[in-house]
Amino acid sequence: NPMNREKNVFLTTIGETRNRLDIDYYEYQAPGGYPVFTTGVSVAEAGIKYMLSTARLDEIIVLGPPSGVRSNEMQKTDIMDVSLENLSDVDTISEYGFLNYRIAEYLNQLDIELVDVGENLSAEEKQEALTRISAFISRHIPEAGAKSLFLKLCDDKELAVRFQEDVLTGCQKQVRKWLKYYLYSQLDAGYKMRILPENQVTSTRFVPIETDGVITIESINRVVRETLSEQGKAINLYMDIQGLGTTDGNTLISTFLLINKRIGYSCKVCGLISSHKNPEDFSGGIRNVLKSYEIQNLIAGLDLFLEYGKITPLKRWWKALEIENADAERLIKGMDCIDEGISVCNVDLIAHGINVIRGVILNPLTDPEDRNIFMDIVINAIKEDFGAMLEGDELAVPELIKWSHRKKLYQQTLTIIESKVPGDIVKRGIYYYARDYADIKKTMKSFNSLYWKEEAKMRYSYHEVDHYFIKFYGRFALDYRKKPDADAVASSYARLRVDALNGNTRKIMRAYSQLNDDDLLYDLLYSYYRISDLRNQVNHAVVDKAVLENEGEAARKDVRDDLDIAIENFIRLYTRACKETHKEKDPYILDSERMRDYSRRHKPNSPSK
């Protein structure tokens with residue numbers, strides 16, 4: 001039996017009830033769209049009645065200060081066993097005892113509140129009040145009777161104002177309270193909450209908590225352990241913890257949302273019940289605000305994605321909102337790719353995810369006017385965060401680098417620079433190898449010769465032509481392995497590459513640039529080669545033990561600062577070079593697959609040929 005493996009628990013709170021005969025009225029919208037009412041001296045009572053009438057409950061756990069319970073009330077209490085007899089003064093019992101008394105009245109469907117509220121009124125006072133009601137009905141709604149007046153006053157604010165002026169004004173407070181309850185008592189039974197039959201056996205249990213201004217860790221631990229006390233059962237949890245206040249309530253809610261299956265228990269938060277009094281209207285409201293809380297978590301999840309690229313919380317809360325939209329699905333898919341790409345440092349996956357999101361924003365499948373407000377919030381936040389990455393016909397590499405670095409994704413930023421920048425430099429005409437088809441043929445011949453002379457284990461570097469051209473080509477002309485100073489190697493290599501412009505060196509083949517600033521080109525290439533060396537250090541560094549100790553924090557900070565400075569310097573140079581390159585003609589691009597095919601067909605008979 002599935003019910004034997006599950007337990008439905010309602011967690012609520014009590015405070016201090018100032019006047020135990022001061023009754024308020026609450027309503028919720030039934031599935032049929034009509035209001036259903038109940039009474040409550042406290043919002044906790046109203047919430048319990050709502051739950052008992054809408055969901056099966058095995059246990060109600062009541063949280064409150066130790067002063068709210070007596071020692072003989074600490075054991076579990078079956079509500080049906082609470083005695084309603086011989087209670088001459090409700091003020092003589094504890095807060096917890098009074099709450100049980102009120103719920104027992106509800107379970108037994110006893111309507112004795114009319115007597116309680118009106119016990120100090122004379123028959124003449126009651127009759128005068130009833131006469132006022134009859135006169136009001138005759139004047140304003142002659143077609144209605146007293147049995148429907150409460151319903152009409154809750155539904156029609158203008159009529160409620162007239163009732164206040166014509167009937168209640170001038171009445172003593174006790175008369176007003178009795179009159180209001182009299183109208184409630186006349187309501188048809190179909191408009192009043194009724195306990196579900198299966199809840200006749202519901203029990204309550206008191207768990208003392210101490211807040212001392214803020215709920216303590218000890219109290220949170222006690223509440224969690226008491227709530228999840230039955231091993232082997234999945235807990236379906238409903239919560240109404242308004243009595244704790246917003247901060248403490250959210251702390252407890254977040255704790256239970258975090259718990260599920262993390263400490264050996266299964267706990268699913270199924271509802272967050274909110275009840276509120278409304279002094280201006282005849283009744284306040286009761287509702288399950290879990291969706292609203294999920295919206296808050298949706299925004300928190302969005303912030304987590306924008307800050308760190310993590311989507312799991314956002315995806316979970318988005319799913320809970322049950323929003324169906326083709327563009328929303330694409331959006332989540334794109335964000336998923338970014339999350340996974342960041343996790344495994346796969347730059348292509350990150351770029352693909354961003355491009356998917358670009359497609360949603362620039363070429364939506366659905367009418368933007370039909371979006372709900374939550375999707376608009378997500379899209380507008382992404383627009384603000386992604387900025388220039390959403391401009392142009394394709395994702396701009398400089399903007400991708402800036403976005404990644406802004407989020408302090410150092411490894412990903414270095415990888416983007418390492419893998420994406422070479423092809424971008426060639427394509428933009430900043431530094432490239434072919435102006436025409438004749439140059440393509442020369443490049444193929446030169447690269448093929450070098451490929452077959454290379455050690456087999458190093459031939460992978462030729463697989464992407466543009467990447468090889470920018471990062472590796474020409475290094476054979478430097479005796480860099482004998483130079484331990486990486487900075488000197490980077491400087492010499494950048495100088496050699498600039499010298500290749502217009503054939504100014506015979507060491508390597510001619511190169512071209514539509515950036516008319518050789519000094520800027522040198523600075524850019526030098527910065528790129530230094531970044532490449534930094535990436536190798538980050539990937540393969542052996543961390544000294546001292547650096548891992550607390551006293552090594554300064555050393556670690558120096559490394560981070562150096563890395564930040566190097567990346568920021570590269571971004572500055574790269575952005576400037578992109579802006580100042582005035583492309584007169586597109587460079588010719590050698591397709592990598594074509595180059596591989598050429599090498600397969602032109603393998604020399606021996607390395608000397």
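The values are calculated or read from the model by the stated rules, or taken from the named source; none is laboratory data. These figures come from a predicted structure and were not determined experimentally. Note that each Cβ is placed from the backbone with ideal geometry, even for glycine, and that neighbours are counted across all protein chains shown. Calculation scope for accessible area: heavy atoms of the full protein, side chains included, ligands and nucleic acids excluded. Shrake-Rupley method; radii C 1.70, N 1.55, O 1.52, S 1.80 Å.
Go through (1) more than 47 Å from the chain's Cα centre (by Cα); (2) open to solvent by less than 40 Å² (accessible area, probe 1.4 Å); (3) farther than 20 Å from residue 23 by Cα and name the single condition residue 167 misses.
Result: residue 167 fails condition (3) only.
Considering only the range 131-151, state which residues are open to solvent by less than 70 Å² (accessible area, probe 1.4 Å), assigned to a helix (DSSP H, G or I) and within 15 Å of residue 188 (Cβ to Cβ).
146, 148, 149, 150, 151
Based on this model, can you work out whether residue 478 counts as surrounded by fewer than 19 Cβ atoms within 10 Å (Cβ to Cβ) and not charged (D, E, K, R)? Before the answer, list the steps.
Values: surrounded by fewer than 19 Cβ atoms within 10 Å (Cβ to Cβ): yes; not charged (D, E, K, R): yes.
For residue 478, the condition - surrounded by fewer than 19 Cβ atoms within 10 Å (Cβ to Cβ) and not charged (D, E, K, R) - is met.
Quick one: how many residues across the range 118-144 are among the charged types (D, E, K, R) and closer than 14 Å to residue 162 by Cα?
Step one: list which residues in the range 118-144 are among the charged types (D, E, K, R), which gives 119, 124-126, 128, 132, 139, 143.
Keeping just the survivors that are closer than 14 Å to residue 162 by Cα gives 132, 139.
So the answer is 2.
Under 16 Å from residue 592 (Cα atoms) and touching a strand residue (DSSP E or B) at 6+ places or on another chain (Cβ under 7 Å): does that describe residue 462? Spell out the reasoning first.
Working: under 16 Å from residue 592 (Cα atoms): yes; touching a strand residue (DSSP E or B) at 6+ places or on another chain (Cβ under 7 Å): no.
Criteria not met by residue 462.
Considering 443, 415, which residue is β-branched (Val, Ile, Thr) and open to solvent by 10 Å² or more (accessible area, probe 1.4 Å)? Reasoning before the result, please.
Details: 443 fails: open to solvent by 10 Å² or more (accessible area, probe 1.4 Å).
Result: 415 is the single residue among 443, 415 that is β-branched (Val, Ile, Thr) and open to solvent by 10 Å² or more (accessible area, probe 1.4 Å).
Please enumerate the residues belonging to the range 30-54 that are without any contact (Cβ under 8 Å) to a residue 60 or more places away in the chain and surrounded by fewer than 15 Cβ atoms within 10 Å (Cβ to Cβ).
The answer is 30, 31, 32, 33.
How many of the residues making up the range 69-108 are more than 14 Å from residue 45 (Cβ to Cβ) and of a type in the set (Gly, Ala, Ser)?
So the answer is 4.
Being open to solvent by 50 Å² or more (accessible area, probe 1.4 Å), out of contact with any Gly (no Cβ under 9 Å at 6 or more places or on another chain) and either touching a residue at least 12 places away in the same chain (Cβ under 8 Å) or in a strand (DSSP E or B) (or both) is the filter here, so list the residues in the range 5-18 that pass it.
Listed by number, the list holds a single entry, 6.
Of the conditions (1) over 24 Å from the mean Cα position of the chain (by Cα); (2) open to solvent by 50 Å² or more (accessible area, probe 1.4 Å), residue 228 fails just one. Which one is it?
(2)
Taking the range 55-67 as the search range and keeping residues that are in a strand (DSSP E or B) and modelled with pLDDT of 90 or more, which one is surrounded by the most Cβ atoms within 10 Å (Cβ to Cβ)? Spell out the reasoning first.
Of all residues in the range 55-67, those in a strand (DSSP E or B) come to 59-64.
Next, from what is left, pick out any that are modelled with pLDDT of 90 or more: 59-63.
Numbers: 59: 18, 60: 28, 61: 21, 62: 24, 63: 25.
Once the filter is applied, the top-ranked residue is 60.
Say we look at the range 182-213 and pick out the residues that are over 20 Å from residue 269 (Cβ atoms) and touching a Gly at 6+ places or on another chain (Cβ under 9 Å); which of these is least open to solvent (accessible area, probe 1.4 Å)?
Top of the filtered list is 206.
Those residues that are assigned to a helix (DSSP H, G or I), modelled with pLDDT of 80 or more and open to solvent by less than 40 Å² (accessible area, probe 1.4 Å), I need them from the range 276-303; list them, please.
Scanning the range 276-303 gives 290, 301, 302.
Out of the residues in the range 170-181 that are open to solvent by 40 Å² or more (accessible area, probe 1.4 Å) and either outside any helix (DSSP H, G or I) or over 27 Å from residue 15 (Cβ atoms) (or both), state the one that is modelled with the lowest pLDDT.
170
Tell me which of these residue 252 doesn't satisfy, since it passes every other one: (1) part of a helix (DSSP H, G or I); (2) in contact with a Phe, Trp or Tyr (Cβ under 6 Å, 6 or more places away or on another chain); (3) under 22 Å from residue 15 (Cα atoms).
Here residue 252 meets the rest and fails (2).
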